[in-house]
C-alpha cells in the first residue's frame, strides 16, 4: 500500500531513465525525488529522508558502490535498489554485500519493478515497526530508570521542563549513572524528536579524526580523502548532537565547536564554503570541568556556553530507594532475554544489593543482575549469586576485623542497626531478614536504643 510518506529518490545520470521512472512511480501515487550525481543525491537524502532509493551504479562524479556506503552512513535503514545494465551484474552483487536491498537490470519491465518496490517498502515498514517497538522498550527502560527516590524524581521534573526548550544541556555525574540515557530522553521529549539524534564519543579519537568526523571534509583535504564527506554536525541538522565525555576533546576542536555553537555555521575540513547548521547540544562528562579549566585542559568560554542548563546525575549510592526497583526491572529483562524463570531476590540478597556502594552505578547493577540471572539455580537470586567483590567487601572485612572482640550483645546491636539502615528502618522487612517476629525486633530495639521512631 502506498502512503503519503512513500518518497522515492531516483539517482541516475540519464534524463530518460529519470523521466520514465518519475512517470511510472507518480502514476502509482509515490512522491519522486531526482538526482543525477552523487553530489546532488547526498543533501536530498539528508534533508528529505526518502523511504526508498533507486541507485544507478554508474554516475559521472562517484562510483555507485562508494555512494551507497555514504548513503548508509546518513541513513543505515533506507532500502536501496540498484539499477544496473546486464554487463555490471557482478557490481550489483557487490552492492548487495555492501547493504543494497536488491537490484534490477536495465531495461526494466514496469510491472516487475513496481512489484519489487512495493515488496521492498513493505519489508522496510516491518523493520521500522520493529525498531519503533525497540524504541518504546528503551523508553520504558528510561522511565523505569528514574526510580522512586526524591533525587531522581527531581531530575526527571527538571528534564520535563528543559526538554521543551532549545537550551544547551551539560550532564555531569559518575560513570554509569545514565547520562547517555538521559540525553536520549531529552531528545525524545523535545520538539526535535523526529529529527536525528547523533552521538559523538570524544574519547579515544585523535584531533584530526574527530575534526573530520564532526565537520566533514572536502575531497582532497588530506591523504585518503578521495571524496567529500558530510560531518556529524550536518547529519544532526534540526536535531540533537550529544557529546559524550566532552572533557576528552582537545582544545583545538573545542574552539571550533564553540564557534559552531555561537555562529551556527562552519566549514568542512579543506572547504571554503560556510554551511549553516541548527542543532541542539547535549554534553556529558564524569570530570569536574572547572578543575579541568584550571589545569588548562578545557576552555572556559566553552564551559560557560555548555553550562546553560547543568544537570548532575546522582550516584546510585545516593538513591538507595531505587536499587531494588531497578534490580527487579533488570531481572525481568534478562529473564526474558535469557529464557530464565527468575522471579526475584531473597531477603539477604536484597540487603546486600542495598548496602553495596555501587562504584559503577546503574551500569554495574545491570551487569551484576545479568550475571546473577545466569548463575542462579532456582527462581530467586541468592546473596551468593551476586558477584559483588572488590573494595566494598574489603572494607566490610576490615570492619569485621575491628569488631572481633565485641561482646555478643554489641555484635547483635550492630547487626540490627545495619539491617535497619539497609531497609530504611522497615521493621517488617528487618524482622523477616533477621528471622524473628516484628515484636521481638521491636523489643530488642527498645533495649538497645530506646523507643524506635
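Only one of 351, 345 is surrounded by 18 or more Cβ atoms within 10 Å (Cβ to Cβ), modelled with pLDDT of 90 or more and not assigned by TED's automatic domain parsing to the domain that holds residue 182. Can you tell me which?
When all the criteria are applied, what remains is 345.
The conditions are (1) surrounded by fewer than 20 Cβ atoms within 10 Å (Cβ to Cβ); (2) free of Cβ contacts under 8 Å to residues at least 40 places away in the same chain; (3) within 23 Å of residue 74 (Cβ to Cβ), and residue 259 fails exactly one of them. Which is it?
Unmet condition: (3).
Does residue 290 fit the bill of being in contact with a helix residue (DSSP H, G or I) (Cβ under 9 Å, 6 or more places away or on another chain), in the same structural domain as residue 226 (by TED's automatic domain parsing) and without any contact (Cβ under 8 Å) to a residue 24 or more places away in the chain?
Yes, satisfied.
What about residue 123, is it closer than 17 Å to residue 42 by Cα, in contact (Cβ under 8 Å) with a residue 12 or more places away in the chain and either in a loop (DSSP other than H, G, I, E, B) or not assigned by TED's automatic domain parsing to the domain that holds residue 234 (or both)?
Criteria not met by residue 123.
For the list (1) more than 30 Å from the chain's Cα centre (by Cα); (2) over 17 Å from residue 99 (Cα atoms), I need the number of the one condition that residue 41 fails.
For residue 41, the failing item is (1).
Would you confirm, using the coordinates I've provided, whether residue 197 is in contact with a strand residue (DSSP E or B) (Cβ under 9 Å, 6 or more places away or on another chain), surrounded by fewer than 16 Cβ atoms within 10 Å (Cβ to Cβ) and under 23 Å from residue 43 (Cα atoms)?
So residue 197 fails the test.
Inside region 195-211, can you point out the residues that are farther than 14 Å from residue 243 by Cβ, in a helix (DSSP H, G or I) and either without any contact (Cβ under 8 Å) to a residue 12 or more places away in the chain or under 22 Å from the mean Cα position of the chain (by Cα) (or both)?
209
When you look at residue 284, is it part of a strand (DSSP E or B), farther than 23 Å from residue 72 by Cβ and either free of Cβ contacts under 8 Å to residues at least 12 places away in the same chain or in contact with a helix residue (DSSP H, G or I) (Cβ under 9 Å, 6 or more places away or on another chain) (or both), yes or no?
In short, yes.
The values are calculated or read from the model by the stated rules, or taken from the named source; none is laboratory data. A quick note: this is a predicted structure, and the numbers were derived from the prediction, not measured. Here the Cβ is made from the backbone with ideal geometry for all residues, glycine too, and neighbour counts use every protein chain on show.
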